[in-house]
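Heads up: the structure comes next, in structure tokens.
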Amino acid sequence: MTDEQPVVNEEEQDLPEQIAVRMQKRERLLASGDAYPVSVEITSTIDAVKAKYPDLDVDVATGDKVGIAGRVMFQRNTGKLCFATLQAGSGARIQVMLSLDKVGESRLEEYKELVDLGDHLFVSGEVITSKRGELSVLVDSWQITSKTIRPLPNLHNELGEEYRVRHRYVDLIVRDRAREVVQIRSKVMQSMRKTFTDRTYLEVETPMLQTIHGGASARPFKTHSNAFDTELFLRIAPELFLKRAVVGGIDRVYEINRNFRNEGADRTHSPEFAMLEAYEAYGDYNTMAELTQSLIQNAAMDVFGTLKVELENGEINDLSGQWDRISMFESLSKASGVEITPETDIAVLKKLADKEGLEIDHPQHGKYVEELWEHFVKSGLVKPTFVMDFPVDTSPLVRNHRSKPGVVEKWDLYIRGYEQATGYSELVDPVIQRERFVEQVKLAAAGDPEAMKLDEEFLKALEFGMPPTGGMGMGIDRLLMSLTGLGIRETIMFPLVK
RNA sequence: GCGCUUCUAGCUCAAUAGGCAGAGCAACUGACUCUUAAUCAGUGGGUUCCGGGUUCGAUUCCCGGGGAGCGCACCA
């Protein structure tokens, strides 16, 4: 120890003061031993110690010696007795105490000089309770297991939104909810995989890099393959490959993976987002609606133990019961006061849209219907609701309705006003599918940047015969949003930032 | 892509109707053997996002650029 201010050498001069100081501590540790040991003799965890001694009396010595490690989150040093709070990756915290008589003068001094907030610390000692009754480890020996160079942010203010997203690892250290969301997401995935496994589905992975993007209407990200000297697209959906799998006899198949769409980002949209798609041979859109409801309800039960999930703002998202099913055309007619069917003249739709002040980009009959439906009905849908039977011209991959003319067997699931999932009775007739693609190509030629391209290889697969099939797709990030009430950037651990 | 708002110490934020840039936590020096956002005394720390302009003087006003947030558009 010295009485002088630490001397900052030249190359450290442009570093922030606190980093320069910690660099010097790191040098000292390296000179006298190690600042980043490869391993330490851990005998227990913070969680295990806390679980073993849930309610000891005040000032108890257990005689139980443990070696535990964690990150230093708080320090309270008195002259000859030091306290620190160690935090495990789980977020569990325990107090450790270093006393002069246990560790000796030189090690106590070194502790005070070298250990900073944020450092990873290993201690071994006896499990005790303090005179105030707090479960603690009375340290015999200690070792820094990883010296931190940067200071943690102060733990008494909320981090700014930008700092949280750009430094998620720091956010995870200091904010319980951030850790919790990661855990919830993982558990939801486990639950959904279990639901699929129980129904004998196989999980597969299909191409992310595609020569033709298809399966959805969206603008793609483009890239280039040097090896093949060709333009490639990041997939906007896995649909056309999963259907190939069904043609191949993988009768129950699902994939959970990323899609990429080169479009706007906001509270509910991210350029890359996790998507679940599932296909079941000999199923239809009713089968898939039942599957989707089960996936979500099982996940809520497995993760939260209830179907009435409490959200961030305290509201309850009630996922219980059999979810409502409404018809798109009927609900629109009722809400708008105008009878609207697939036969309604497009001029009538246009007039209504104009009256409501809606501007519609690429006016087709179905586009008007969907836009009008969103305008009149969507925001009122709080309870989970399947919206059934969509227009044909906006749903090129869906089978015509078995009895209602002019609509297809498609539903969208809305929860709390957000589109959560979609389900089809899949179009498997290769001839009609080709006609639908040709329509899309015409739209593309007319300037709709989201129209689908004609995928000959996919059509060839259909020509080999696809069984009657139900399909569904669900945004995983969206699901996490409706289970937590958070924005999409809080459900994604590392959202895109420029 | 368009509009509005915003960017100050490691973190969270003040301030300047254009005139030496402040606080809390964190850091540093010292005291303290039961603290728990420890306490007490003292100290240091800033390219005020970047570039230009106006001005005796710009962190503040103006112009351009960048990042972020919100709204709109597109989309799930």
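Where a number appears in this text, it was derived from the coordinates with a stated rule and is not lab data. Just so we're clear, the structure is a prediction, and the values are computed from it rather than from any experiment. Neighbour counts are summed over all protein chains in view; Cβ atoms, including those assigned to glycine, are modelled from backbone coordinates with ideal geometry.
In vacuo Debye scattering of the range A:280-320, one point per C-alpha: log10 I(q)/I(0) at q = 0.21, 0.26, 0.34 Å⁻¹?
Ignoring solvent entirely, the Cα scatterers give -0.67, -0.83, -1.07.
Could you pull out every residue, at least 5 positions away or on a different chain, whose amide H is within less than 5 Å of the one on A:LEU319? Hs are placed 1.01 Å off N in the peptide plane, and Pro or chain starts have none.
Correct list: A:LYS308, A:VAL309.
Which order do peptides A:190-197, A:264-271 fall in by mean Cβ count within 10 Å, highest first?
So the peptides A:190-197, A:264-271, ranked by packing, come out A:190-197, A:264-271.
What ranking of A:THR230, A:THR394 emerges when the number of other C-beta atoms within 10 Å of each C-beta is taken as an exposure proxy, fewest first?
The order, fewest Cβ neighbours first, is A:THR230, A:THR394.
Per-residue counts of other Cβ atoms within 10 Å, averaged by peptide: what ranking do you get for A:94-104, A:458-468, highest first?
A:94-104, A:458-468
Restricting to Cα atoms and excluding each atom paired with itself, what does the Kirkwood estimate give for the range A:325-377 in Å?
The answer is 10.9 Å.
Once you charge only the Cβ atoms, +1 for Lys and Arg and -1 for Asp and Glu, what is the size of the charge dipole of chain A about its Cα centre, to the nearest 20 debye?
In debye, rounded to 20, chain A gives about 580.
Find the relative contact order for chain A and round it to a whole percent, using C-alpha pairs within less than 8 Å whose residues are 6+ positions apart.
12 percent
Quick check: Cα centre of the range A:410-460 to Cα centre of the range A:301-340, how many Å?
26 Å
Could you grab the relative contact order for the range A:145-259? Cα pairs under 8 Å, six or more apart, rounded to a whole percent.
Worked out over the range A:145-259, it gives 21 percent.
List the lysines whose alpha-carbon lies under 21 Å from that of A:LYS102, not counting same-chain residues fewer than 8 positions away?
A:LYS65, A:LYS80, A:LYS112, A:LYS131
Using only the alpha carbons, work out the radius of gyration and Dmax of the range A:254-362 in angstrom.
When restricted to the Cα atoms of the range A:254-362, Rg and Dmax are 19.0, 51 Å.
Please report, in whole Å, how far the alpha carbons of the range A:325-453 spread along each principal axis, starting with the longest.
37, 29, 26
Can you pull the Rg over Rh of the range A:166-296, Cα-only, Kirkwood?
1.02
Could you work out the local net charge near A:ASN286, counting Lys and Arg as +1, Asp and Glu as -1, over the other residues with Cβ closer than 12 Å to its Cβ?
Result for the neighbourhood of A:ASN286: -2.
Could you compute how fast chain A diffuses translationally, taking Rh as the Kirkwood radius over C-alpha pairs and applying Stokes-Einstein at 10 °C with viscosity 1.306 mPa s? Give it in µm² per second.
59 µm²/s
Within straight cross-link reach of A:LYS404, meaning Cα distance under 14 Å, which aspartates and glutamates are found once same-chain residues fewer than 8 apart are removed?
Those aspartates and glutamates meeting the cut-off are A:GLU330, A:GLU343, A:ASP389.
Arranged by the count of other C-beta atoms within 10 angstrom, fewest first, what order do A:ARG478, A:ARG402 take?
The order, fewest Cβ neighbours first, is A:ARG402, A:ARG478.
Per-residue HN-Hα couplings for the range A:132-137, Karplus 6.51 cos²θ - 1.76 cosθ + 1.60 at θ = phi - 60°, whole Hz, x for Gly and Pro?
8, x, 7, 4, 8, 10
Report, please, the projected area of the range A:397-454 averaged over directions, based on the convex hull of its C-alpha atoms, in nm².
So the mean shadow area of the Cα hull is 5.2 nm².
Suppose we keep just the alpha-carbon trace of the range A:223-297; what are its Rg and Dmax in angstrom?
15.6, 46
If a helix is a whole DSSP H run, which ones in chain A reach 18 Å or further along their own axis (Cα) and hold a mean Kyte-Doolittle hydropathy of at least -0.5?
A:285-304, A:430-445
Taking A:LYS308 as the anchor, which lysines have their alpha carbon closer than 22 Å to its alpha carbon, excluding any fewer than eight residues away along the same chain?
Output for A:LYS308: A:LYS187, A:LYS194, A:LYS378, A:LYS383.
Amide H to amide H, which residues 5 or more places from A:PHE74 or on other chains are under 5 Å from it, using H placed in the peptide plane?
Close amide H contacts, sequence-distant or interchain: A:THR85.
Relative contact order (percent) for the range A:329-411, with alpha-carbon contacts under 8 angstrom and 6 or more residues of separation?
That works out to 27 percent.
Where the centre of each part is set by its Cα atoms, how far does the range A:40-63 sit from the range A:138-180, in angstrom?
23 Å
Using amide H atoms built in the peptide plane, which far-off residues or other-chain residues are under 5 Å from A:ASN262 H to H?
Close amide H contacts, sequence-distant or interchain: A:ARG219, A:PHE221.
Whole-Hz Karplus ³J(HN,Hα) for the range A:79-92, in order, using 6.51 cos²θ - 1.76 cosθ + 1.60 and θ = phi - 60°, x for Gly and Pro?
Going residue by residue, I get x, 10, 9, 10, 10, 9, 10, 9, 10, 8, x, 5, x, 5 Hz, with x marking Gly and Pro.
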